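The values are calculated or read from the model by the stated rules, or taken from the named source; none is laboratory data. On a predicted model such as this, the values are computed, not experimentally measured, just so you know. Cβ coordinates were reconstructed from backbone atoms using ideal geometry, including for glycine residues, and neighbour counts include every protein chain displayed. The protein model used for the area step is the full one, side chains on, heavy atoms only, and it has no ligands, DNA or RNA in it. Shrake-Rupley method; radii C 1.70, N 1.55, O 1.52, S 1.80 Å.
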Amino acid sequence: QVQLVESGGGLVQPGGSLRLSCAASGRIFSLDVMAWYRQAPGKQRELVARITNRGSTVYADSVKGRFTISRDNAKNTVYLQMNSLKPEDTAVYSCYAFQPPNSYWGQGTQVIVSS
């Protein structure tokens, strides 16, 4: 089993920045993919950004140029740097990890963008 613990969420004004962290622990062999998803009230969960263990990244169109995903493989940690935040970025952000053949989810961290 792998456990994922997120941190870094909170309340921020529009145009501000936040950095989310997700630390993985447990029986870790190879976290092939780590990612951030988000779910806003009344909406479906969506992929925000994904990164492989080799550093290949994918971003949702809505966050390109504003968000940056990175990972520290030695620490089994993935980060999401969020800049130029908008009210529509308000959501619960959840960490995801894929270690074949299993997928794991964190409990989520709330991000609220409001003045």
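Condition check: under 13 Å from the mean Cα position of the chain (by Cα), more than 14 Å from TYR96 (Cβ to Cβ) and open to solvent by less than 20 Å² (accessible area, probe 1.4 Å). Does MET82 satisfy that? Can you show your working first?
Values: under 13 Å from the mean Cα position of the chain (by Cα): yes; more than 14 Å from TYR96 (Cβ to Cβ): yes; open to solvent by less than 20 Å² (accessible area, probe 1.4 Å): yes.
It is true that MET82 is under 13 Å from the mean Cα position of the chain (by Cα), more than 14 Å from TYR96 (Cβ to Cβ) and open to solvent by less than 20 Å² (accessible area, probe 1.4 Å).
Please indicate, with yes or no, whether at least one residue in the stretch 8-29 is under 21 Å from PRO101 (Cβ atoms), open to solvent by less than 40 Å² (accessible area, probe 1.4 Å) and touching a residue at least 12 places away in the same chain (Cβ under 8 Å). First the steps, then the outcome.
From the stretch 8-29, those under 21 Å from PRO101 (Cβ atoms) are 22, 24-29; that's our starting set.
Filter once more, so that each one left must be open to solvent by less than 40 Å² (accessible area, probe 1.4 Å): 22, 24.
Imposing the further condition that a residue be touching a residue at least 12 places away in the same chain (Cβ under 8 Å) reduces the set to 22, 24.
The answer is yes, given that some residue of the stretch 8-29 is under 21 Å from PRO101 (Cβ atoms), open to solvent by less than 40 Å² (accessible area, probe 1.4 Å) and touching a residue at least 12 places away in the same chain (Cβ under 8 Å).
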Seminar exercise, completed: Log entry, pairs with first residue in the stretch 53-70 being closer than 17 Å to SER21 by Cα, second being assigned to a loop (DSSP other than H, G, I, E, B), beta carbons closer than 7 Å, six or more apart or on different chains, reads ASN53/SER30; ASN53/LEU31; ASN53/ASP32; ASN53/ASN73; ARG66/ASN83; ARG66/SER84
For this session: Give the number of residues within the stretch 85-104 that are open to solvent by 60 Å² or more (accessible area, probe 1.4 Å) and either in contact with a helix residue (DSSP H, G or I) (Cβ under 9 Å, 6 or more places away or on another chain) or closer than 30 Å to SER115 by Cα (or both).
Result: 3
For this session: Could you list all residues from the stretch 21-39 that are touching a Ser or Thr at 6+ places or on another chain (Cβ under 6 Å) and within 15 Å of VAL92 (Cβ to Cβ)?
Result: TYR37
Exercise. Taking ARG50 and the conditions (1) within 19 Å of GLN107 (Cα to Cα); (2) modelled with pLDDT under 95, which numbered condition does it fall short on, given that it satisfies the others?
Worked result: (2)
Exercise. Does the stretch 38-50 contain any residue that is over 11 Å from the mean Cα position of the chain (by Cα), free of Cβ contacts under 8 Å to residues at least 60 places away in the same chain and open to solvent by less than 60 Å² (accessible area, probe 1.4 Å)?
Worked result: yes
Exercise. Which one of SER56, SER70 is of a type in the set (Ser, Thr, Tyr) and open to solvent by 60 Å² or more (accessible area, probe 1.4 Å)?
Worked result: SER56
